[in-house]
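The next block holds one structure in the form of structure tokens; read it before the comments.
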Amino acid sequence: VSQQLKEEIRRGFARLEDPLAGLLAMLESSGDWKGKGHSLGYCITTELQLWIKTHPAVPQSATKLKKLQARVLGMLSQCPANLLDPLISIYQLHTADRNCLLEHVSHLYLQGNYKEAAILSIKLKLQPDQDVEKMCTPLLLQDKANLVEDYVAEYPELQSKLLQTLDKWCDPSFNIRDIPRPYQGLSRYKPEKFNRRVLSKLVFRLLERFSIDPALCPNVINQRHLRTLNYLFYKRFVEKTMTEENWADHIQSTVGENRWLQGQLVQSLLRHCDARGAARWAQHCRVPPEMLPRAMAEELQKLHIQDRVEEATKADNYEASKKKDYYQIPISRENIHFLQTWEETLQCWEKVLQPGQVVGVDMEWKPSFGMVGKPRVALLQLALKDEVFLLDLPQLLKQAEAEGEKEKLPHFIQMLYSDTAITKLGYGMSGDLSSLAATCSLLKDKEKQMQGVVDLLAVDKQVDGLSPEHSHEERGVRQPEKGLSLLVQHVLGKPLDKTEQLSNWEKRPLREEQILYAASDAYCLLEIYERLCEDPGSFGLGSDLTDSLVEKQSKKPRAKKQLNKQEAPSPSGQECQGPRTEPSGPPAPISPREFSVICDNMLQGLGRYLRCLGVDVRLLDNEDDHRKAAEIARQEGRVILTSGLPYQTLRSQVGEGRCFSVNCSKKAKEQALQVLKHFNVQVSLSDIFSRCQ
């Protein structure tokens, strides 16, 4: 707004006998203020708000102010959101009769204006006098969960009531279809977004946001534990990728003393084991004998008589040949050290913090199986050429706190990650560091200061497929390798054995299998890096591998929400076409209108951002096969923008330089800048929003 207009508005107020009544008369007679954005009505209203502070108005009589407030209330449900606060402030609606305000909101609600009623209630702080279930139900039916969160944000009592309501709806015996019935004809009703799965996610979000005890929502928690139970049975008895000890640890911590879950456990045992095996596991998990079916109870008696427990399931077929089939750490067991005291850890630091050192870094935490909260690191692994150190973080942090030296661990981590003379190797390092920050708050934002790091996740997708000299025999029926295990298989010839990956890493003492797994996970990074540096060409990498991999000053990457680091996406942010050749110079500059792309379905955010900049964009739908991108690119002369594994397939189906791999660890804006820079697309002001309706 120009200064001249502002001054004119202020002079107008000064000439009015009653500026408050004058503003209302103007707004009521003009439809301009109802539009979005900064209309003239908005400018005049906000100027009056500022003018009142410097020009105390003639005191309004209570009756006159009450009449003005009544007129303003009639306008609030129609006015844009940016006018609410100025009008509430100017007409002192917080001082208005509370019953009148509640009556007005109730009128809006009865008219079906649920969103407007909720927003006005929040602005006027009316929630304590309202029924939280009544106010929030239609909002949830309209998929307005964010507004529901804001509605209860400042009121712990309402948060608890809302959570109890949601938990009641998530009870399997509750008929959730009864809820929409009183709201027949509800506008913007989204039935596909109103189900137990969506509501359950909302419950966990609210529990985490407001730091509420999950015990308040037993139905949702039980259902989540039941899904965990089913997942564990699948991993153990169908996929057969979880060891017996590992499985038993998780089953016990999931079921605990919960009678309902114990009943579910018994049913699952009978589905997957014979009566004898089921009885053995029921005993192991301390299921009360009175909960067991007759056949299981009889088998339990036999187990007591024998006074020993036999194996309920046959040993996995691959156990005996594990050494033949999987990557084995090449150092002896005595060179793998489990550290629980600071005296031992200081000796470890002296070896790790040596100039020129190459360190493989990995971390383990107890799987959350979708429960509330970020994972806390239970084990930090540091691998050197001749030995591996496993740091018991919970114990070390506890000891440091008891000694009043909380900064010990952050100090070491900062020294390690900021030293350019030490090469740090990892796989999905941003996810590891964000979990480390959740474990130790003093480490927050340390990932911004990383230097001299090599994230092999970024190399993963550049490595060409298995060449004949790296091939190995098929090992029977087993899940396909992925993530780090697949990279180890490609580069070193054998995959990692991941059966201990989902272990309970917080339980002490660690089992021998866990210690070997943790050490192998960190040490294999050293061997991969050494092999790639020795012979990058045979893996489809350029000869400048070392220079291109070591990040001199890394930017903060997106922290990945992940249960399983193996399933993280593979960012690359560059076009990888076998061995690299020297570039012939940047392409000629083009305008966004001359640049046509097809975005793969995992890059829809990037596609929308580029379209806002004037680029000719087509987007694959979620259900489309990646190969459709190549078909469209050939037919319409478009460049393919993709990421991860589809890049390897798609680049061979279009001309050279017509397929680009985007760094999927970055946000849409950063991805767009990366694409524009690579293709030398010059954006002008007239291009922005030129394709938007």
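Each residue of segment 404-413 in order: what ³J(HN,Hα) in whole Hz does its phi give by Karplus 6.51 cos²θ - 1.76 cosθ + 1.60, θ = phi - 60°, with x for Gly and Pro?
Once θ is set to phi - 60°, the couplings for segment 404-413 become x, 10, 4, 7, 4, 5, x, 4, 5, 4 Hz.
Write out the GluC sites (Glu not before Pro) in segment 589-692 meeting two conditions: DSSP loop, and at most 14 other Cβ atoms within 10 Å of their Cβ. Write down the numbers at each step before the final one.
On the way: sites: Glu594, Glu623, Glu631, Glu636, Glu656, Glu670; in loops: Glu623, Glu656.
Those that pass, being in a loop and sparsely packed, are Glu623, Glu656.
With contacts defined as alpha carbon pairs under 8 Å and 6 or more residues apart, what's the relative contact order of segment 219-304 in percent?
24 percent.
Which entries in the list Lys398/Lys444; Lys444/Lys498; Lys482/Lys666; Lys424/Lys482 go over 25 Å, if you measure between the two C-alpha atoms of each?
Lys444/Lys498
Could you compute the FRET efficiency for Leu65 and Glu208, with r as their C-beta to C-beta distance and R0 at 41 Å, rounded to 0.05?
0.40
For Asn504, what residues show an amide H to amide H distance below 5 Å, using hydrogens built from the backbone and excluding near sequence neighbours?
Counting only residues 5 or more places away or on other chains, the set is empty.
Take the residue pairs Lys193/Lys667; Lys144/Lys374; Lys351/Lys374 and return only those whose Cα atoms are more than 28 Å apart.
Too far apart for the 28 Å limit: Lys351/Lys374.
Quick one: accessible area per residue over segment 350-425, 1.4 Å probe, rounded to a whole number of Å²?
Here the per-residue accessible area is 42 Å².
For segment 592-687, report the accessible area per residue in Å² (1.4 Å probe, heavy atoms, rounded to an integer).
48
Measure off, as a whole percent, the carbon and sulfur share of the 1.4 Å-probe accessible area of segment 335-462, all protein chains present.
Exposed carbon and sulfur together represent 48 percent of the surface.
Keeping all protein chains in place, calculate the accessible area per residue for segment 219-304 (probe 1.4 angstrom), answer in Å².
45
Once the piece of chain linking Ser596 and Lys134 is laid out straight, how much longer is it, given 0.36 nm per residue of separation minus the C-alpha distance between them?
Net length gain for the segment: 161.4 nm.
The values are calculated or read from the model by the stated rules, or taken from the named source; none is laboratory data. Note that this is a predicted model, so its numbers are computed, not measured. Please note: Cβ atoms are built from the backbone with ideal geometry, for glycine as well, and neighbour counts cover all protein chains shown. Ligands, DNA and RNA are excluded from the accessible area calculation, which covers all protein heavy atoms including side chains. Shrake-Rupley method; radii C 1.70, N 1.55, O 1.52, S 1.80 Å.
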